[in-house]
Amino acid sequence: MAATGTGHGSAEGTGDGGRNGPLTGVRVVELAGIGPGPFAAMVLADLGADVVRVDRPGGGGLAVDPAYDITNRNKRSVLLDLKSAEGPARVLDLVERADVLIEGFRPGVAERLGVGPDACLARNPRLVYGRMTGWGQDGPLAHTAGHDIAYIAVTGALGMIGNPGEPPAVPANLVGDYAGGSLYLVIGILAALRHAGTPDGTGQVVDAAIVDGTAHLTSMIHGMMAAGGWQDRRGANLLDGGCPFYGTYETSDGQYMAVGALEQQFYDTFVDLLGIEDRAPARKDLARWGELRETVAARFKSRTRQEWTAVFEGSDACVAPVLSLGEAPAHPHLAARGTFTDVGGITQPAPAPRFSATATAVTGGPALPGAHTESVAADWDLPALLGKDA
C-alpha cells in the first residue's frame, strides 16, 4: 500500500487523534458526491481509514446542512476546484500518497477532468480506484441519469416488495444506494486492497454498479424460484409478506408488531403467547392462510404495541415492536449494545461491525467543506494544498 501509516490526523485534523480500527494507516481520497459514494467512504473512515474528502467550492447537490451530514463523519475535507487549472494536479498529488480513490461521476467525467483511472494509476500503480454508479461503466443506460428506485426496479428487487394488488412499496434508498451500492463498493475496495498489497499485486479499478449489487442481493430468491419454492409475484411467498406468520400486524393504538415465527418451534411459542393456539388453522395448510392471517390480526388489534411487546419480550416467538427511527435508539437491547451513539448532539448509528482487537469509534463530527486543508497538507506532506512550494 502507498500509505505510510504515520502522521494521519483525526476527522477534526488534530494529529493522530486516537484514530483506531482495522484500516488505520489506509489513506482514501473521496471526490465529493452524494448518496452511496459518501456512505462507502464513511464506512472506510469508521473502520479507521484516513479519508480526505475533496469538496468543490460552492458545495454539492445535497440539500443538507454539512454540519448534520453524518456520512461525512470521521473524515477530513479540503476544497479543490477540479475545473481549475491546478485542481486535477492537486488531486493527483493526493492520489500519489493514497491507497484508495472513490468517485461517483457519470462514466467519462473523471477522465475529462483529468483524474480518471489511467491518470491516477500512472501516478500510483497500486491505487485502488473505486467507481460508484447506478448503471455501471458500460451498457445502454450507463450515461443516463437515475436514482435508487430505478436501479432496484429493473433488477426485480422493487417488484418483490409490497402487498399484492398494490403498487410496490419503496424501501427508502436502503436496498439500492446503500446495500447494493455502497457496501459492494466497500467489499470491492477491501478485496482490491488485499490484492494490491501482495508481492506481485497491482492497483485496479473497482466498478461498483448499484444494478449489479442489487441483483446479487437477490441470489437466494433466484435459487428458490428455480427450485419452485418462490412465486414471481408480490405477497405470495414465505418472506415477502405472503405468509401469515412472517409479516406485520396493527395493534389497538395504531402501531405495529413484526412477526417472523418461521420455524415450527418458534411458531408454537408465538401462537401460545398470542393466545390463539386453540383456534389457529394448521400453519402448513396454505388454503387457510387467509383465515390464519385474520385470526392473528384480530388478536393483535386487542392490545397496544407496548402490551404486546411485554408479552413477547425475551421469548423465542420471534416477535418485535416496529419502532420509528426516533424510537430505535432507546430500545433496551440496542441501548445496552451501544448500537447508537451521540456525537456533537446528533444521535446516529455507531460504526459496525465490531472488532475485538481494533475497536472503532466516531472520533469526529461531519467534516465541513475545506475545514482540514492545513492538517491534510501537513500530514500528507502536500504544501501545494496551501499554495506553497514543496
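The values are calculated or read from the model by the stated rules, or taken from the named source; none is laboratory data. Quick caveat: nothing in here was measured; it's all calculated off a predicted structure. Because the Cβ atoms are built from the backbone with ideal geometry, glycine has one as well, and the counts that use them run over all protein chains shown. SASA here: full protein model, heavy atoms, side chains in, ligands and nucleic acids out. Shrake-Rupley method; radii C 1.70, N 1.55, O 1.52, S 1.80 Å.
One table, with the values for the structure above:
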{"read-out": "Residue match in region 156-174 (condition: in contact with a strand residue (DSSP E or B) (Cβ under 9 Å, 6 or more places away or on another chain) and open to solvent by less than 50 Å² (accessible area, probe 1.4 Å))", "value": "no"}
{"read-out": "Contacts under 7 angstrom Cβ, first residue in region 366-377 being farther than 10 Å from Val52 by Cβ, partner in a helix (DSSP H, G or I) and open to solvent by less than 20 Å² (accessible area, probe 1.4 Å), 6 or more apart", "value": "Pro366/Asn72"}
{"read-out": "Residues of region 223-247 satisfying the condition of being touching a Lys or Arg at 6+ places or on another chain (Cβ under 6 Å) and surrounded by fewer than 16 Cβ atoms within 10 Å (Cβ to Cβ)", "value": "none"}
{"read-out": "The listed residue being within 17 Å of the chain's Cα centre (by Cα) and at pLDDT 95 or above, out of Val78, Val91, Val54, Val43", "value": "Val43"}
{"read-out": "Count of residues meeting criterion [open to solvent by less than 20 Å² (accessible area, probe 1.4 Å), farther than 22 Å from Gly136 by Cβ and among the β-branched types (Val, Ile, Thr)] in region 175-211", "value": "0"}
{"read-out": "Residue within region 363-383 that is among the acidic types (Asp, Glu) and under 17 Å from Lys75 (Cβ atoms) present", "value": "yes"}
{"read-out": "Pairs with Cβ under 9 Å, 6+ apart, first in region 248-264 and surrounded by 14 or more Cβ atoms within 10 Å (Cβ to Cβ), second among the polar types (S, T, N, Q) and part of a loop (DSSP other than H, G, I, E, B)", "value": "Thr251/Ser302; Thr251/Thr304; Gln255/Thr304; Met257/Thr251"}
{"read-out": "Helices (runs of 4 or more DSSP H) (entirely within region 168-256) containing at least 3 residues that are β-branched (Val, Ile, Thr)", "value": "183-196, 210-217"}
{"read-out": "Selection within region 268-319 - surrounded by 17 or more Cβ atoms within 10 Å (Cβ to Cβ) and closer than 30 Å to Ile346 by Cβ", "value": "Arg305, Thr309"}
